[in-house]
Amino acid sequence: MDGMWPPENISLNPGKRILFLTKNLDLIRQQIHEGLNLQMEDLKVEELLDDINTDMMTPAWVCFSHKPEEIAKNAYAGLLHNGKRVIGEDDLKNGGFEVIVSGHRKGTGSSRETAAQCEKWAGIRLVIAASFAPIHERNNINLGQLMAGHSILERLQSGEKIPFSEFTKNYDSITQKIIEAGGLFSFANSLREDTVKLPSINTPNRPMTIAEKIVANNLVNQNEGQCVKPHDPVIAAVQGGYSHEFTTAQVHSFLSKEYGEDYELPNPNQFAVFEDHLLYADQNPKFTPFIDKIEVLRELQKQFQRHTKVRDYSVKNGVSPGICHQVAREEFINIGDFIQATDSHTCMGGASNALTYGVGATEYASLIYSGFTFVKVPESIRFELTGTLDEGCTAKDVILKILSSHARAELTLDRSMEFGGDGLASLSIDERATLCNMATECSGKTGICEADELTIEWLKNLHPDWDEDILQKRIISADENATYDGGIHHIDLNEIKPMVAHPGNPDKGIPSDPTNGVLISDIGKVTIDIAYGGSCTAGKIDDIAYYAHVCEAAESAGLIVAEGVDFYIQYGSGLVKDEAVKRGWHELFLRVGVSVIDPGCGACIGAGPGVSTSSDQVSVSAINRNFQGRSGPGELYLASPLTVAASAFMGYISAWSENIFVIN
């Protein structure tokens, strides 16, 4: 697999090895430390690790190094067994591995490109899996990494030389050209130099989904009114984007390396930087050794902002304006927009009837420099909501239900999750944002909601100067008879019950994952040490209102936060905090024993108050991911804001009901 690129054929290099990431973690150790070599024909796909997430591949502390060669030293630092690393420092690089193998949904979780980089810079040239999470797959493509299924590996291990074209034949024509060029930057340069030609789009007029319509509206160098269909390879303009201090350093470094230190952006006012992810990192003892690296990331973001003049949402007087996704939807995401940013939860903006999703650092760097992005039009799956939610449920319970059913069955994989119906109309815009936010946990491409009068009202309240007639005209609705490759699925909100996603058993190959949904009524009494309400998923105004509702009931019953429980509430933005202060919620929280935290990501990425500090602690949290080690070494149950708050006063995981404190 070495030599000229692209090669005519792909074969295994003598002396190089294959690492199988098996559910039996001891087999991984034997491959690394004892020279064990396995054959795909002797294994079943079911024996390989599923849902390997990007936190497992490159935990947050690994990402504090922005240079790929440094990141590769600690590849898979988050794969733990009994609290210890399975793959040690430099093990992947020094093991002579060129192929790495796993099961289903490789690369779930965040959009961090570091997960793909850690393999490539450790010597991996071929990534084998049954399926890939969409952003991670795209990051591999943008780096020029080859991917394939298990049958290809069996052929390679039998000694076959496989034509290069077999590794690209299932991709669209643009993606094929990106891989053949060795990555996105090389392809973009060839495009600018006019040495590569793009295929014309000849999709006839057809009914389109919301996502398809927004892509079609933003096509570059195409006839007005041109339709698109799933898998069409296109070039599209975007209305905006953003990065944060966890990712901007790589964007700046890549652009400087590729285009020189004096590079310029054509439209800097369309893009922004946020300082929100690592503001409270110094409050996690685990991150103390990396404070100097974190400061480097912050400084490189400041340099990038000064150099490019993009919009600046940096910390002022020690306080962040808020989590990028929340502030973006408050400040600039509009109906019908196409937005890309360097974070997987960018999809939260879909609540405003916009197409928004996360990309890696390479793709974002190319986008902001060139002014356009490469898109493979996604398939869509429709969720038709009916009815109304029970008093103890929120949109978080709805998405946990979808995660445990549709997502686990891979029906949402790489698809735009379109939400609509009378039931959607019963949900607030903040609740719709919860549905869209966790589309990425479903391994979906994005989440997007139908717009209605509530959408207009929400945006007008934030932007009184925005013209209502123009907002109405911007609304994007799916066409009648649009094709949904993932099907149309009916969700009766009346049937939703309070749920959690349990922490699994990683030591036995059962990952801690958001798809581990279970009814609260079925888990027994789970005593907790920490309750956390916050993050982009659960730090919005309506989420804070849920916490306040429970806290008011607790105070009326003469209760404070249960003994032995630490209850944290963290605001999603300055606007959210201001509203909480205005309505008296902030003082209420303090009176009943809540620790209140200024805006930021915090515990959701392990960088702030609310993380567990020992493996025997149990947390119930309103964040979006419960990956092993992401928010501390303890066990973490995902739950709704109502469940989190009720549990904080009960001392164990409890579904909310209006009389919960009266009975108890």
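The values are calculated or read from the model by the stated rules, or taken from the named source; none is laboratory data. What you see is a predicted model; the values in this text were computed from it and never measured. Virtual Cβ from ideal backbone geometry, glycine too; neighbours counted across all protein chains shown. Quick note on the areas: whole protein, heavy atoms, side chains included, nothing else; ligands and nucleic acids left out. Shrake-Rupley method; radii C 1.70, N 1.55, O 1.52, S 1.80 Å.
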Looking only at the range 479-533, filter to residues that are among the polar types (S, T, N, Q) and over 15 Å from SER404 (Cα atoms); which one of those is surrounded by the most Cβ atoms within 10 Å (Cβ to Cβ)?
THR483
With the condition kept exactly as written, say whether any residue in the range 359-374 is under 21 Å from ARG625 (Cβ atoms) and in contact with a Lys or Arg (Cβ under 8 Å, 6 or more places away or on another chain).
yes
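For (1) open to solvent by 20 Å² or more (accessible area, probe 1.4 Å); (2) at negative phi, each residue gets a yes or a no:
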position	(1), (2)
ASP282	yes, yes
PHE290	yes, yes
ILE294	no, yes
LYS302	yes, yes
ASN317	yes, no
ARG329	no, yes
Unmet requirement for LEU424, which otherwise passes all of (1) crowded, with 22+ Cβ neighbours inside 10 Å; (2) touching a residue at least 60 places away in the same chain (Cβ under 8 Å); (3) not in a loop (DSSP other than H, G, I, E, B)
(2)
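Among residues belonging to the range 443-453 that are buried (at least 24 other Cβ atoms within 10 Å of the Cβ) and of a type outside the set (Val, Ile, Thr), point out the one that is nearest to GLY109 (Cα to Cα).
Within the range 443-453, the first condition is being buried (at least 24 other Cβ atoms within 10 Å of the Cβ), and the residues that meet it are 443-449, 451.
From the residues that got through so far, the ones that are of a type outside the set (Val, Ile, Thr) too are 443-445, 447, 449, 451.
Numbers: SER443: 8, GLY444: 11, LYS445: 12, GLY447: 15, CYS449: 21, ALA451: 27 Å.
Residue satisfying both the conditions and the ranking: SER443.
Among the residues that make up the range 595-615, is at least one of them under 22 Å from GLU658 (Cα atoms) and of a type in the set (A, V, I, L, M, F, W, C)? Quick ask: steps written out before the conclusion?
Of all residues in the range 595-615, those under 22 Å from GLU658 (Cα atoms) come to none.
No; the residues of the range 595-615 include none that is under 22 Å from GLU658 (Cα atoms) and of a type in the set (A, V, I, L, M, F, W, C).
Out of LEU143, LEU191, I need the residue that is open to solvent by 10 Å² or more (accessible area, probe 1.4 Å) and under 26 Å from ASP50 (Cα atoms). Which one?
Details: LEU191 fails: under 26 Å from ASP50 (Cα atoms).
Just a single option satisfies the conditions, and that option is LEU143.
When only residues in the range 139-151 that are in a helix (DSSP H, G or I) and in contact with a helix residue (DSSP H, G or I) (Cβ under 7 Å, 6 or more places away or on another chain) count, which is farthest from TYR357 (Cα to Cα)? Working first, answer last.
In the first step, residues of the range 139-151 are kept if they are in a helix (DSSP H, G or I); the result is 139-142, 150-151.
Next, only the ones that are in contact with a helix residue (DSSP H, G or I) (Cβ under 7 Å, 6 or more places away or on another chain) stay: 139-142, 150.
Details: ASN139: 13, ASN140: 17, ILE141: 17, ASN142: 16, HIS150: 29 Å.
My answer is HIS150.
Going by the structure shown, is GLY103 open to solvent by less than 10 Å² (accessible area, probe 1.4 Å) and in a loop (DSSP other than H, G, I, E, B)?
Values: open to solvent by less than 10 Å² (accessible area, probe 1.4 Å): yes; in a loop (DSSP other than H, G, I, E, B): yes.
It is true that GLY103 is open to solvent by less than 10 Å² (accessible area, probe 1.4 Å) and in a loop (DSSP other than H, G, I, E, B).
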So the helices (runs of 4 or more DSSP H) completely within the range 1-92 holding 2 or more residues that are within 25 Å of the chain's Cα centre (by Cα) are 54-57, 68-71
Here are GLU137, GLU180, GLU154, GLU224: which of them is within 25 Å of the chain's Cα centre (by Cα) and of a type in the set (Asp, Glu)?
GLU137
Tell me which residues, restricted to the range 612-628, are surrounded by 24 or more Cβ atoms within 10 Å (Cβ to Cβ), of a type in the set (Gly, Ala, Ser) and more than 16 Å from the chain's Cα centre (by Cα).
SER619, SER621
Limited to the range 328-372, what total is found for residues that are within 20 Å of the chain's Cα centre (by Cα) and within 23 Å of GLY486 (Cβ to Cβ)?
19
Counting only residues that are under 24 Å from GLU450 (Cβ atoms) and touching a Phe, Trp or Tyr at 6+ places or on another chain (Cβ under 6 Å), which one in the range 208-239 is surrounded by the most Cβ atoms within 10 Å (Cβ to Cβ)?
ILE214
Residue count, the range 1-50, condition within 14 Å of GLY159 (Cα to Cα), open to solvent by less than 40 Å² (accessible area, probe 1.4 Å) and of a type in the set (Asp, Glu), comes to 0
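This table checks each residue for (1) under 24 Å from GLN301 (Cα atoms); (2) not β-branched (Val, Ile, Thr).
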position	(1), (2)
ILE174	no, no
ILE178	no, no
THR203	no, no
MET208	no, yes
PRO230	no, yes
PHE246	yes, yes
PHE254	yes, yes
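Does ASP578 satisfy the condition of being of a type in the set (Asp, Glu) and within 30 Å of PHE64 (Cα to Cα)? Walk me through it before giving the result.
Details: of a type in the set (Asp, Glu): yes; within 30 Å of PHE64 (Cα to Cα): no.
No, not satisfied.
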Counting only residues that are aliphatic (A, V, I, L, M) and under 20 Å from the mean Cα position of the chain (by Cα), which one in the range 629-660 is farthest from ASN505 (Cα to Cα)?
ALA639
If you go through ASP485, ASP479, ASP513, the only one that is in contact with a Phe, Trp or Tyr (Cβ under 8 Å, 6 or more places away or on another chain), part of a loop (DSSP other than H, G, I, E, B) and on the phi < 0 side of the Ramachandran plot is ASP513
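Only one of GLY574, GLY602, GLY593 is open to solvent by 20 Å² or more (accessible area, probe 1.4 Å) and under 29 Å from SER314 (Cβ atoms); which?
Details: GLY602 fails: open to solvent by 20 Å² or more (accessible area, probe 1.4 Å); GLY593 fails: under 29 Å from SER314 (Cβ atoms).
Sole residue among the options that is open to solvent by 20 Å² or more (accessible area, probe 1.4 Å) and under 29 Å from SER314 (Cβ atoms): GLY574.
Being of a type in the set (D, E, K, R) and closer than 26 Å to ALA133 by Cα, is that true of even one residue in the range 301-309?
At the first step, the residues of the range 301-309 found to be of a type in the set (D, E, K, R) are 302, 306, 309.
Retained after the next criterion (residues that are closer than 26 Å to ALA133 by Cα): none.
Within the range 301-309 (the criterion being of a type in the set (D, E, K, R) and closer than 26 Å to ALA133 by Cα), the answer is no, since none of the residues qualifies.
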How many residues are modelled with pLDDT of 95 or more and either surrounded by 23 or more Cβ atoms within 10 Å (Cβ to Cβ) or closer than 28 Å to ARG408 by Cα (or both) if we restrict to the range 79-90?
4
Which of the residues belonging to the range 520-549 are in a helix (DSSP H, G or I) and of a type in the set (A, V, I, L, M, F, W, C)?
ILE520, CYS536, ALA538, ILE541, ILE544, ALA545, ALA548
Of the numbered conditions (1) more than 29 Å from GLU331 (Cβ to Cβ); (2) buried (at least 23 other Cβ atoms within 10 Å of the Cβ); (3) polar (S, T, N, Q), THR440 satisfies every one except a single condition; which is it?
(1)
Does any residue in the range 310-335 that is assigned to a strand (DSSP E or B) and modelled with pLDDT of 95 or more come within less than 8 Å, Cβ to Cβ, of a residue that is open to solvent by 30 Å² or more (accessible area, probe 1.4 Å) and among the polar types (S, T, N, Q) six or more places away or on a different chain, and which pairs are these?
ARG311/ASN269; ASP312/GLN305
Based on what the data block shows, is PHE274 surrounded by fewer than 19 Cβ atoms within 10 Å (Cβ to Cβ), within 23 Å of the chain's Cα centre (by Cα) and among the hydrophobic types (A, V, I, L, M, F, W, C)?
no
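For residues that are out of contact with any strand residue (DSSP E or B) (no Cβ under 9 Å at 6 or more places or on another chain) and either among the aliphatic types (A, V, I, L, M) or modelled with pLDDT under 95 (or both), tally how many sit in the range 586-609.
Initial filter on the range 586-609 (out of contact with any strand residue (DSSP E or B) (no Cβ under 9 Å at 6 or more places or on another chain)): 587-588, 591, 605, 607.
Then keep just the ones that are either among the aliphatic types (A, V, I, L, M) or modelled with pLDDT under 95 (or both); that gives 588, 605, 607.
Total meeting the criteria: 3.
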